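Right, one structure below, let's go through it.
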Amino acid sequence: MSELSAKVFVIDDDASVRKSLSRLLVSLGFEVETFASAELFLERDPYDGVECLILDIRMPGLDGVALQDELSKADYSMPIIFITGHGDIPTSVQAMKKGAVDFLPKPFDDEQLLRAVKIAIEKDMKGKAMRGEARQVLERVKQLTPRENEILRYVISGMLNKQIGFKLGIAEKTIKIHRGRIMAKLHVTSVADLVRLAEKAGIKPTDMWVQTTDL
């Protein structure tokens, strides 16, 4: 998906701001939806495509920072560009620490906004691509048996077959067979690839190392 096929959401209680921002973004090829309040935005179903949010800080009802918190609680990853006519340093620092892409005090010029939108869209494209890849990896992981899943965590911790076998009370030959099946099911050919795949899927290595000198 290209940047210009992305959707930009604008939330501002000032109708003139919504109108001007919508005109600007539409003229550049973006699809735009505007909302007069955070509450109205939350009534909308989550968008599955590439997106970003231009959000006013101070609004009646739910303000911009509170909406940022609500989206975070809902695990709705959406790059946010804050705009405000009442910005202050503590608020901007708080917003940026929570993941905001930019914080633009009004009035801002078109180039500032468009630069921020571009960064936000690129961030969302990369984030959605990574999450999509992670979902594919998790689908492969589901094919593993409980024993294979257990052995996978030992393998990515760096343990050798004989160490894993000793820990689990299984013959080294059996570990080799399980390991081969794991590699085949996950479509990898090396331990390095296996480690990278596990990281993408959020699979943690076991910390139960075998500390012996006679293996």
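The values are calculated or read from the model by the stated rules, or taken from the named source; none is laboratory data. Given the structure is predicted, the values throughout are model-derived calculations rather than measurements. Heads up, the Cβs are rebuilt from the backbone with ideal geometry, glycines too, and the neighbour counts pull from every protein chain shown.
For this structure, a couple of remarks:
- All of Glu51, Glu70 fail the test of being within 16 Å of Ala120 (Cβ to Cβ), of a type in the set (Asp, Glu) and in contact with a helix residue (DSSP H, G or I) (Cβ under 9 Å, 6 or more places away or on another chain), apart from Glu51.
Let's see how each residue does on (1) of a type in the set (D, E, K, R); (2) in a helix (DSSP H, G or I); (3) touching a Lys or Arg at 6+ places or on another chain (Cβ under 8 Å):
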| residue | (1), (2), (3) |
| --- | --- |
| Gln136 | no, yes, no |
| His178 | no, yes, yes |
| Ala184 | no, yes, no |
| Arg196 | yes, yes, no |
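- When each of Lys128, Lys185 is tested for being closer than 30 Å to Phe9 by Cα, surrounded by 15 or more Cβ atoms within 10 Å (Cβ to Cβ) and not β-branched (Val, Ile, Thr), the lone residue that passes is Lys128.
- Being within 23 Å of the chain's Cα centre (by Cα), buried (at least 19 other Cβ atoms within 10 Å of the Cβ) and not small (Gly, Ala, Ser) is a property that does not hold for Leu152.
- Flag if Met96 is under 19 Å from Leu21 (Cβ atoms), in the same structural domain as Phe9 (by TED's automatic domain parsing) and hydrophobic (A, V, I, L, M, F, W, C): no
- Pairs linking a residue in region 173-185 that is touching a residue at least 40 places away in the same chain (Cβ under 8 Å) to a residue that is assigned to a helix (DSSP H, G or I), with Cβ atoms under 9 Å and 6 or more positions apart or on different chains, are Lys185/Arg140; Lys185/Val141; Lys185/Glu148.
- Selected residue (criterion: nearest to Leu197 (Cα to Cα)) from residues of region 145-163 that are in a helix (DSSP H, G or I) and in contact with an Asp or Glu (Cβ under 8 Å, 6 or more places away or on another chain): Asn161
- Condition check for Gly158: at positive phi and either of a type in the set (Asp, Glu) or in contact (Cβ under 8 Å) with a residue 24 or more places away in the chain (or both): yes
- The criterion of being charged (D, E, K, R), in contact with a His (Cβ under 7 Å, 6 or more places away or on another chain), in the same structural domain as Leu28 (by TED's automatic domain parsing) and surrounded by fewer than 21 Cβ atoms within 10 Å (Cβ to Cβ) does not hold for Arg115.
- Scan of region 94-109 for residues that are touching a Phe, Trp or Tyr at 6+ places or on another chain (Cβ under 9 Å) and either in a loop (DSSP other than H, G, I, E, B) or not small (Gly, Ala, Ser) (or both), ordered by number: Met96, Ala100, Val101, Asp102, Phe103, Leu104
- Residue in region 87-104 that is within 23 Å of Gly49 (Cα to Cα) and basic (Lys, Arg) present: yes
- Of the listed requirements (1) among the small types (Gly, Ala, Ser); (2) in contact with a helix residue (DSSP H, G or I) (Cβ under 6 Å, 6 or more places away or on another chain); (3) within 30 Å of Met78 (Cα to Cα), Gly132 misses just one: (2).
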